[in-house]
1. Short version: ³J(HN,Hα) in whole Hz for each residue of the stretch B:43-57, in order, from phi by Karplus 6.51 cos²θ - 1.76 cosθ + 1.60 (θ = phi - 60°), x for Gly and Pro, what are they?
2. Could you size up the charge dipole of the stretch B:133-286 around its Cα centre, putting +1 on the beta carbon of Lys and Arg and -1 on that of Asp and Glu, and report it in debye to the nearest 20?
3. Is the stretch A:222-300 rounded, prolate or oblate when judged by the Cα gyration tensor, a ≥ b ≥ c being the square roots of its eigenvalues, rounded requiring a/c under 1.5 and prolate requiring a/b larger than b/c?
4. What FRET efficiency comes out for the pair A:W197/B:Q95, r = Cβ-Cβ distance, R0 = 56 Å, nearest 0.05?
5. Please name which of A:P546, A:G473, A:T582 has its Cα lying farthest along the dipole of the stretch A:466-584 towards the positive end, using unit charges on Cβ (Lys, Arg +1; Asp, Glu -1) and the Cα centre as origin.
6. Over what distance in Å are the Cα centres of the stretch A:131-180 and the stretch A:562-607 separated?
7. Exposure proxy check: B:E73, B:E238 ranked by fewest other beta carbons within 10 Å?
8. Which pairs in the list A:K84/B:K51; A:K82/A:K125; A:K450/A:K556 are over 20 Å apart, alpha-carbon to alpha-carbon?
Amino acid sequence: MSTQLLRLATAGSVDDGKSTLIGRLLHDSKAVFTDQLAAVARTSAERGADQPDLALLTDGLRAEREQGITIDVAYRYFATPKRKFIIADTPGHVQHTRNMVTGASTADLALVLVDARNGVLEQSKRHASIASLLGIPHLVVCVNKMDLVGFSEERFAEIREDFRRFAMKLDVHDLSFVPISALHGDNIVHRSTEMPWYEGTSLLHQLEEVHIASDRNLIDARLPVQYVIRAADFRGYAGTMAGGTLRPGDEVAVLPSGFTSTVRSVRGPGNVALDEAFAPQAVTVQLDDDIDVSRGDLICRPGNRPHVASDVDAMVCWLTEQSELTPGSRYALQHTTRSTRATVGQLDYRLDIDSLHRDKTAEGLALNEIGRIRMRTQHPLLFDPYRRNRDTGSFILVDEATDNTVAAGMITGPAVTGSDVVWHSPTVTREQRATTGMTVWLTGLSGSGKSAVAAELERRLVASGRPAYVLDGDNLRHGLNAGLGFTAADRAENVRRAGEVARLFADAGVVAVVSLISPYREDRDRVRAAHVADGLPFVEIFVDTPLETCAERDPKGMYAKARAGEITGFTGIDDPYEAPRTPDLVLRPEDGDAATQAAILLEYLQR
Amino acid sequence: MTATIYELSHLHALEAEAVHVFREVAATFERPGLLFSGGKDSVVMLHLATKAFAPAPLPFPVVHVDTGHNFDEVISFRDRVVSEFGLRLIVGCVQDDIDAGRAVEESGNPAGRNRLQSTTLLRVITENGLGAVFGGARRDEEKARAKERVFSFRDEFGQWDPRNQRPELWRLYNGRHRPGEHIRVFPLSNWTELDVWSYILAEDIELPSLYYAHQRPVVQRDGMLLAHTRHLTLLPGEEPATATVRFRTVGDATCTGCVESTATTAREVVAEVAATRVTERGATRADDRISEAGMEDRKKEGYF
């Protein structure tokens, strides 16, 4: 059986024991050679240590050894019979966000370290945020120095809960925890005998077993053309598959020209014929028709094309101390195999990576700062949102004065511009309508009882002569919101659309009763703001049924599936639910059944 | 027909990564060159490069920095490969730079010329206007290399500034440079010695014969086995003895050590490398042991 490649990113300071952990992984998996170990033992002895300091194995450059810090991204390698591992090892200090972003850009998995004595500090949170921002599919939290807290199960559980609470705000789909002692090797390669209460597997075992094959996008065929290979009777378009699959006989479209053709053959390195190409293979594709294709073009399927746009929204991390990103500045841009220029239009906000707060008053981004920008490119980009495809959704900005790479960017989507469509003022005013509308927004976990309360409220309102209509999340996904998935972006769009429809209903004089999980606070707040701006009443009702109760009820069998790992991104299980901070009304199971809760709600509305 | 599982083995993944890098450079640089010493890493690199452009010929020349302290097998191997693949070969001789006073032979015994290669390499790059130079260096070889980028910028003096490297993200390589500056490109960055040998085995790649076990006269010096060639001056008391050895790296013949081995095929070498407990540089490169920061200093000066 052949071994697979797993790329992992680590971050943390010397204090976390990160270097020791890596040294331990290398040492215990026998990736350290005797001459390296001898050098480490010699240096350790010179410094008066009684045992070899494994952290020295990863101390690269002289400047670092002198200062005792790691200043850049270093790559380490080790292998087991199952996998070859590439570790991108970066320092964890705040000023090294840029290095963390660099190391995280290609990683399949992030290792986050927490010192068991100190608990979840800013640095661990920062690393988790960056892992989430960079779309690393798997996050493993190593709770280190367990030996210094008496291998306490309670301490481990406490840290795990703390971390989970924070991770709820992030886009993390696979999160696991391992209690370790890197210094002594507990739970690194073998299960520790010191922590019999820990039922999981060792860290190395997790690294060997984590399922990464499904992380790749095998749906959207994307081949950015890198180089045209010409030989006698041969013309092929070479590039690295960035998603999906391509086979001989497939109908394809070439962008931006839009010409279509058929794949004649797919070749691997060495011009070997392949049955099928998939990411990340480096291939050469021959087409049936003689059409003009060159570097920077993209081959895809006619029915599944990337976005083609010059105005895009993106998250960027600023990488240099020599300048700041400010609106109006112009850069060279590299995206897939295209190079063009981009002008930064506006800075929407700066993201505080520790608190996740969005500062909308920010006027620029300095070194290590992250923010969302809108930019315009000289030539259109052929892209997918980064969340959908890390290869076709990422770009770098280069300062043309210094040739330095100054920003790492992740495209969130085409810019949603304020359109030029004229707003028509209605001739019938709200006061002239027979009834007054409003929006009643029910939010809560799946299975919390929102739909039952909504249905009962609607029945009572209609019976009393008030026009009312339920907008149910599940039902909307069959029509208006068909085609939206469960990513953070799709959920946001789901909520936005439901909110817009509710606003129209309310404007028309109807009580719109919205029953929607709507897990993110910000999305709900936006709907409220839209109503407020329009002078329409909006009440947010939190159906606060505990997760355990919802999971027990499990009316659609979804919790069972989510726990079994059959579905991911399920709110409350592996996707966060952000409870309202100031709901207008809270309904709890102890208030009574759905009919009673609806009665309480109606009473509140009539007040 | 079996269902495709859409998984690449790690060797295929490394191959794809290297092929991507070759194509990227060929598409964006006017004049690249590939460093070819006849050493196994450069042989694998050349093999990957030809695969990246097949069925078209290699779109750039190969460059050999000749120390003059060569193993005869390596030079004849080089010439055979060049003619077989129809390559264009550029040779830069260290001796020329010594004769012209641009480089001074080091003292000591062995007086290796590894360090002097930097001068010659930079001269060849300038004379041929090479904007990008492919090197076979791997990050697992040495501490300083662990931080090197795949596209590594060199200033107009050919120097590497480890504290001021360009961030390198995703598969997006920034190769921008001005006249006089150049980029070193390392397609094998993520390969280990074992990966290289596993690939040699899987692809059936031919290497100079001294990579496999053979008998030759050697001398023991500083814990290393040095080949007794015409380039090596014996110290008082040194007595060459015949041993069965192979080389793990091939460089300047005066300071490249060999190891005792009976591995005569790639398969046997893979087994040996998988079991070995000493790094290839630790075992065979006298000059890397000079100081703890030996490689870092040389790289800053423009070394490979």
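Every read-out reported here was derived from the displayed coordinates using simple, explicitly stated rules and does not represent laboratory data. Model, not experiment: these values are computed from the prediction. Ideal geometry is used to build each Cβ from the backbone, glycine not excepted, and the neighbour counts take in all protein chains shown.
1. 5, 5, 4, 5, 4, 5, 5, 5, 5, 5, 10, 4, x, 7, x
2. On the way: 22 positive and 22 negative charges, 115 e Å.
Value, rounded to 20: 560 debye.
3. rounded
4. Rounded to the nearest 0.05, the efficiency is 0.20.
5. A:G473
6. 27
7. Details: B:E73 17, B:E238 14.
Result, fewest neighbours first: B:E238, B:E73.
8. Working: A:K84/B:K51 23 Å; A:K82/A:K125 31 Å; A:K450/A:K556 14 Å.
Violating the 20 Å Cα-Cα cut-off are A:K84/B:K51; A:K82/A:K125.
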